[in-house]
Structure formats: structure tokens, C-alpha cells
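Chemist: Here it is: the structure, laid out below.
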Amino acid sequence: MTPMSAMSPRSPRGDDEWIRRALGLARGAAAAGEVPVGAILVFEGRVLGTGSNRPIGACDPTAHAEIVAMREAAARVGNYRLTGAELFVTLEPCLMCFGAAIHARLGRVVFGAFDPRVGASDLIRRLEAAPGLLNHRLEISGGALAAECASLLSGFFGERRDTMRIFRNSGTPARL
């Protein structure tokens, strides 16, 4: 179910194109055994950074697609402030990723699938409404190519559940 406060009008065509590109990165993450999330950081139509989930491979709990893309962009421009840049990501960012976006002074975050478990867009909106609590405000849009983004995630987790069932039924210990 989509939170009402996170609803936005139909994504502009340009947003959908960036999300499509992020989906390609997400597919690469899935092929590497990571949760399929991809992110692209754009400024004035130019890609500054890209990322896909890699916490497992990097042994780094902060290696979410969004953080990877922001790190790459910051290194490219030589500044941790990415003022006005736009982040396109296939899954609603968590609180850590939104926090990094705020500290980087991004102008906008556009995401595909809503994440009812750890997605933080509603929380960020509530924090922004509290006077003096946040020193930067983001434009947040959710639902760009949501069905395609959600399908990639549900397919990935469905395959993992099926694999776990096979191992459980075979008596072979599984470590996924």
C-alpha cells in the first residue's frame, strides 16, 4: 500500500528514463547476489555518480546504492556538497540514505518502489514540517516505474525463498 503523503503526480518522462537506467544497475546487483537496488545521481542532465547495492560484497553496511552513487559523485566533483543534484533510485531510501541526501544538499530524490518496512520518505516529510529540525529540505517523489521496480525486488526475494525451501527439504545446510 502506498502512503498517501508519498503520492506524487505521474512522473515526468525524464524521471522514468533515469529510473530505467537505475533498474539496469539494480539487475547487476541481483546478479551479484545483492538486493537489487540501483541509483543514479544527476546534475543538470549529466550523470555524476552511479551505484548499486553492495553491502554483502563490500562487507559494508553503508554500501547502499544511494550512498555508493553519492560517494562517487562527491569524489568526481571534489566536494561532499552536491547542491541541487537529483538522485534517482529504484527503491524508497532508508533513513540513512535520506540523511546522506540531506547532508549532501541534494535538490531532489525520485524513487520507484515504496518500501513499507524501512522506507523513510514519510518520516523525512514529518521531520521537515518541524521548525528548525532539518537544515535542508528535499523534493521527494515516489512511484516512478513502481511496478517494474517492485517486480524486480519481489522476483529476487521469491527466488531466494524458493532456494531456501529446496535446501531445507533436502536436509542440506544452506547459507545464502
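Chemist: For ALA63, are the conditions met, namely being of a type outside the set (D, E, K, R), under 12 Å from the mean Cα position of the chain (by Cα), under 22 Å from SER154 (Cα atoms) and modelled with pLDDT of 95 or more? Outline the logic, then answer.
Modeler: Values: of a type outside the set (D, E, K, R): yes; under 12 Å from the mean Cα position of the chain (by Cα): yes; under 22 Å from SER154 (Cα atoms): yes; modelled with pLDDT of 95 or more: yes.
Yes, satisfied.
Chemist: Hey, can you tell me all the residues within segment 100-112 that are open to solvent by 20 Å² or more (accessible area, probe 1.4 Å) and either within 19 Å of GLY78 (Cβ to Cβ) or not basic (Lys, Arg) (or both)? Full working, then the answer.
Modeler: Going residue by residue through segment 100-112, those that are open to solvent by 20 Å² or more (accessible area, probe 1.4 Å) are 100, 103, 105, 107-108.
Residues satisfying the conditions are ALA100, HIS103, ARG105, GLY107.
Chemist: Right, next: Hey, can you tell me all the residues within segment 119-153 that are part of a helix (DSSP H, G or I) and under 19 Å from ALA104 (Cβ atoms)? So that I can check it myself, show each step before the final result.
Modeler: Taking segment 119-153 as the starting set, the residues that turn out to be part of a helix (DSSP H, G or I) are 121-129, 146-153.
Correct list: SER121, LEU123, ILE124, ARG125, LEU127, GLU128.
Chemist: Just for strands (runs of 3 or more DSSP E) wholly inside segment 46-116: which have at least 2 residues that are touching a residue at least 60 places away in the same chain (Cβ under 8 Å)?
Modeler: Working: elements: 46-52, 86-91, 108-113.
Ranges flagged: 86-91, 108-113.
Chemist: Going by what's in this entry, would ARG10 be described as out of contact with any strand residue (DSSP E or B) (no Cβ under 7 Å at 6 or more places or on another chain), assigned to a helix (DSSP H, G or I) and either at pLDDT below 95 or open to solvent by 70 Å² or more (accessible area, probe 1.4 Å) (or both)? Walk me through it before giving the result.
Modeler: Values: out of contact with any strand residue (DSSP E or B) (no Cβ under 7 Å at 6 or more places or on another chain): yes; assigned to a helix (DSSP H, G or I): no; either at pLDDT below 95 or open to solvent by 70 Å² or more (accessible area, probe 1.4 Å) (or both): yes.
It is false that ARG10 is out of contact with any strand residue (DSSP E or B) (no Cβ under 7 Å at 6 or more places or on another chain), assigned to a helix (DSSP H, G or I) and either at pLDDT below 95 or open to solvent by 70 Å² or more (accessible area, probe 1.4 Å) (or both).
Chemist: Follow-up question, since we're still on this one. Specify the residue that is most open to solvent (accessible area, probe 1.4 Å); the eligible residues are those in segment 135-176 that are modelled with pLDDT of 75 or more and of a type in the set (S, T, N, Q).
Modeler: Narrowing segment 135-176 to residues modelled with pLDDT of 75 or more: 135-159.
Now narrow it down to the ones that are of a type in the set (S, T, N, Q): 135, 141, 151, 154.
On the way: ASN135: 109, SER141: 19, SER151: 70, SER154: 69 Å².
Going through the qualifying residues, I end up with ASN135.
The values are calculated or read from the model by the stated rules, or taken from the named source; none is laboratory data. In this text the structure is predicted, and so the values were computed from the model without any measurement. Here Cβ is always computed from backbone atoms with ideal geometry, including for glycine, and neighbour counts include all displayed protein chains. When the accessible area is computed, the model is the full protein with side chains, heavy atoms only, and any ligands, DNA or RNA have been set aside. Shrake-Rupley method; radii C 1.70, N 1.55, O 1.52, S 1.80 Å.
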